[in-house]
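Here's the structure, in structure tokens; my notes come after.
The values are calculated or read from the model by the stated rules, or taken from the named source; none is laboratory data. All of these numbers come straight from a predicted model, not from anything done at the bench. Note: ideal-geometry Cβ built from the backbone for every residue, glycine included; neighbour counts use all protein chains shown. When the accessible area is computed, the model is the full protein with side chains, heavy atoms only, and any ligands, DNA or RNA have been set aside. Shrake-Rupley method; radii C 1.70, N 1.55, O 1.52, S 1.80 Å.
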Amino acid sequence: MGIEIKIKQPENKIDIYRIEELWQNACTNVFEGETNPRIGVQDDFYRMQLQFINTSKEYDEKKSQIFDTANVYILFDNNNYGSGIQLWFEDDNICMWTSFPTTYSEIISLYKLVNIICNEFDTKEFYRGSVGEFELVDTSQLNWFVELGVNDTLIMFDRMKKQIIEGEARDGYVSINGVVHPLSITLDNLKNCGIDLPLVDNIENITTVMKNYETFMNEIQQRDLFYAVFKLYQVKKDENYVINGYISVATDCDTILPQDPTSEFYFAANRYDTSKINKFYATMENSEGKMVEVEYNEFLKKVDFEKREKYDGNHFIVILSADDIERIISE
């Protein structure tokens, strides 16, 4: 569920660098925090590439290396992470997409950017829609679209709640986009945001929910952790070829790992049939510098993942010393 916007470019088109300049003026923190507007590019696993979230110096020095070849960009606030606003160029259009739920600040920032770009192009019209169905609308309606964005986010919260309670959501969580990486949202997360408060015609409670959700999204993604992902490789087994999944666990690194690898966001987003995967493995470097594989279910038992700090609905945090890795390999 989300909204796509298309703005037709004039004859003198603008590029991502001009968008970046406009984004500086559009990026907003509704709750009065200082903003740090940036544009980044995610990898194939929906993780933000590190140069875009590291120091301002590294961002400025390295962004052009990827900007010039990227197809899709993510507009975000490095001080206030949400889900991000996707932007791409298609034919003569600037296209933007935001998925729901999203944060209040991102909703405001999206439509401020739309207004700024339309002013740049000396137009008041743009297309807004979803699933390929668009309506020509006017910038005079922007405040109404902001209200719709908040309402769509609340609707999505309620839908997620029902999916979890009624068992439609696998393992009790719903996966969503994040700026830094995907997140698995639980019923407790939603309740902590205040989703059970009376919301109909109650602006105060709606603001509370939106603020709590924005705080949650930012704080969980601001932690200095490595979000590990499974990569698939075809390997030979008994004269046949099978597909195995491998996830790397570095030494002395706070690493986010999944409890259930088959439900990772990457597989769901790409509609990959995980039944085609033969086995999952954790890979680690032993004391001799060689990579060693441990079947993932065995790895989970050996690190006693249920006692580890939970990160979100499907992930936990682990840090392994060299001695820990030797123990896991030798057991």
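Couple of notes before you dig in:
- Screening the stretch 146-258 for strands (runs of 3 or more DSSP E) wholly inside it with 2 or more residues that are open to solvent by 40 Å² or more (accessible area, probe 1.4 Å) and either more than 19 Å from I107 (Cβ to Cβ) or not hydrophobic (A, V, I, L, M, F, W, C) (or both) returns the ranges 231-237, 240-248.
- Residue satisfying all of: in the stretch 293-328; assigned to a helix (DSSP H, G or I) and of a type in the set (A, V, I, L, M, F, W, C); farthest from D260 (Cα to Cα) among these: A322
- Per-region count, the stretch 77-111, residues modelled with pLDDT of 95 or more and closer than 19 Å to Q9 by Cβ: 12
- Close Cβ contacts (under 7 Å, 6 or more residues apart or on different chains) running from residues in the stretch 97-116 that are over 18 Å from I206 (Cβ atoms) to residues that are among the hydrophobic types (A, V, I, L, M, F, W, C) and part of a loop (DSSP other than H, G, I, E, B) comprise S99/M1; S109/C27.
- Residue within the stretch 130-142 that is under 16 Å from S99 (Cα atoms) and not in a strand (DSSP E or B) present: yes
- Of all residues in the stretch 304-317 being modelled with pLDDT of 95 or more and hydrophobic (A, V, I, L, M, F, W, C), the one that is most open to solvent (accessible area, probe 1.4 Å): I317
- Selection of the stretch 128-138 for residues being surrounded by fewer than 16 Cβ atoms within 10 Å (Cβ to Cβ) and in contact with a strand residue (DSSP E or B) (Cβ under 9 Å, 6 or more places away or on another chain) yields G129, S130, V131, G132, F134, E135, L136, D138.
- Options Y81, Y73; residue that is out of contact with any Pro (no Cβ under 7 Å at 6 or more places or on another chain), without any contact (Cβ under 8 Å) to a residue 60 or more places away in the chain and open to solvent by less than 20 Å² (accessible area, probe 1.4 Å): Y73
Yes/no matrix, rows are residues, columns are (1) closer than 30 Å to E32 by Cβ; (2) touching a His at 6+ places or on another chain (Cβ under 9 Å); (3) of a type in the set (S, T, Y):
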{"residue": "Q49", "(1), (2), (3)": "yes, no, no"}
{"residue": "T55", "(1), (2), (3)": "yes, no, yes"}
{"residue": "D60", "(1), (2), (3)": "yes, no, no"}
{"residue": "F89", "(1), (2), (3)": "no, no, no"}
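- Residue in the stretch 283-298 that is touching a residue at least 40 places away in the same chain (Cβ under 8 Å), open to solvent by less than 10 Å² (accessible area, probe 1.4 Å) and more than 23 Å from F157 (Cα to Cα) present: yes
- Count of residues meeting criterion [within 19 Å of the chain's Cα centre (by Cα), surrounded by fewer than 17 Cβ atoms within 10 Å (Cβ to Cβ) and either of a type in the set (K, R) or outside any loop (DSSP other than H, G, I, E, B) (or both)] in the stretch 32-61: 1
- Subset tally (residues that are part of a helix (DSSP H, G or I), open to solvent by less than 70 Å² (accessible area, probe 1.4 Å) and polar (S, T, N, Q)) for the stretch 17-31: 0
- When restricted to residues that are open to solvent by 10 Å² or more (accessible area, probe 1.4 Å), under 20 Å from Y213 (Cβ atoms) and hydroxyl-bearing (S, T, Y), the stretch 99-127 contains 3.
- Options I107, I94; residue that is touching a strand residue (DSSP E or B) at 6+ places or on another chain (Cβ under 9 Å), under 23 Å from Q222 (Cβ atoms) and β-branched (V, I, T): I107
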